[in-house]
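The values are calculated or read from the model by the stated rules, or taken from the named source; none is laboratory data. All of these numbers come straight from a predicted model, not from anything done at the bench. Ideal geometry is used to build each Cβ from the backbone, glycine not excepted, and the neighbour counts take in all protein chains shown. For the accessible areas, the whole protein counts, side chains as well, though only heavy atoms, and no ligand, DNA or RNA atoms are used. Shrake-Rupley method; radii C 1.70, N 1.55, O 1.52, S 1.80 Å.
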Amino acid sequence: MTTYLIGNWKMQLNESESEALAKEVVRLWAGQGEGKPDAAVVICPSHMALEECAKAVKGMPVALGGQDVFWEDKGAFTGEISPKTLKELGCDYCIVGHSERRQHLGETDEMVNKKTLALLRHNITPIICVGETMEERSAGRRDAVVIAQVRAALAGVKPVGSQKLIVAYEPRWVIGTGKAVSPEDAAEMHHLILGTLHEMLSSDIVEDRCAIIYGGAVDAKNLAGFLAMDVIRGALVGGASLKPQEFAAMAEITADAKK
Ligand code: PGA
């Protein structure tokens, strides 16, 4: 089974910095990655850097992902990026519903659902982010919030053919803090999400086409602990993905995790 390490570079780098980081990740990981096909190492630069990063990863064991997408292929949608364009630029993955978009840009579950369907149409694997705020957790609503987000994101979704999907559990209050939840806490939520996937999709679809990963303050020190949990199939990484040595070390840990 594939294990995922996905770097979300957010809006942290300009085009030349992104290109340089992509090249450095490729340089550090290329030799090891080739013999380890079970690990999918993905970088998600900002949209304007996708073209240069695509050249840097071409033919290498590093895949490319977008950070967001619109749900129509073409039209009068100022400022948006089409799933068709993402595919043409070489993206095999795309993050949707990241908590920063939900928080700052009003991204709703309905939008996440439309984006998920659009990505699957283009054979791009959606990385659907879900997770509760600290307020929701403190109020005892953690499970209900996450289940509702998963249900809404996957309404009418049924991956077929070579389509796959990833759900990233990212507690919103952890992102960017450097303080992850415990692997046990994350695994509990992964089990809950897995149960929801089983309610919505057939077992073979869940087993063959869906993966649940953890995100929120993951680094080279705590990654192995998360991957030791059976139900955790990888990590979505923000801050640590900007440090090439650390990210390459994390790729190695990901590739060595037996799933
Ligand atoms: P972080 O971000 O690793 O910096 O906490 C994770 C994310 O936003 O996906």
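Directionally averaged projected area (the chain, Cα convex hull): 12.5 nm². For the stretch 44-100 versus the stretch 123-155, the inter-centroid distance based on Cα atoms is 23 Å. Shown in residue order for the stretch 135-145 are the 3J(HN,Hα) couplings computed by the Karplus curve 6.51 cos²θ - 1.76 cosθ + 1.60 at θ = phi - 60°: 4, 5, 5, 5, 7, x, 9, 3, 5, 4, 5 Hz (x for Gly and Pro). Rolling a 1.4 Å probe over the protein chains gives D256 an accessible area of about 80 Å².
The value obtained for the stretch 1-101, namely the Cα convex hull volume divided by the number of residues, is 106 Å³ per residue. Distant-in-sequence amide contacts of Y4, defined by a placed amide H-H separation under 5 Å and a gap of 5 or more residues or a different chain, comprise A40, G234, A235.
Other residues whose C-beta falls under 10 angstrom from the C-beta of K55 contribute a net charge of -1, scoring Lys and Arg +1 and Asp and Glu -1. The charge dipole of the stretch 31-156, taken about its Cα centre with unit charges on the Cβ of Lys, Arg, Asp and Glu (plus for the first two, minus for the last two), comes to roughly 180 debye. Under 8 Å for C-alpha pairs, at least 6 residues apart: give me the relative contact order for the chain, rounded to a whole percent. Dividing the mean separation by the residue count of the chain yields 21 percent. As a length-normalised measure over Cα pairs under 8 Å and 6 or more apart, the relative contact order of the stretch 102-156 settles at 42 percent. Summing Lys, Arg as +1 and Asp, Glu as -1, what charge do residues with Cβ under 11 Å from the Cβ of I128 carry, I128 excluded? It works out to a net charge of -1. Distance between the C-alpha centres of the stretch 218-259 and the stretch 169-191: 14 Å, rounded to the whole angstrom. For the chain, a Gaussian network of Cα nodes joined below 10 Å ranks C94, C129, C210 by mean-square fluctuation, and the top entry is C210.
Just to confirm a number: summing +1 for Lys and Arg and -1 for Asp and Glu over residues other than G75 whose beta-carbon lies under 14 angstrom from that of G75, what do you get? Neighbourhood net charge equals 0.
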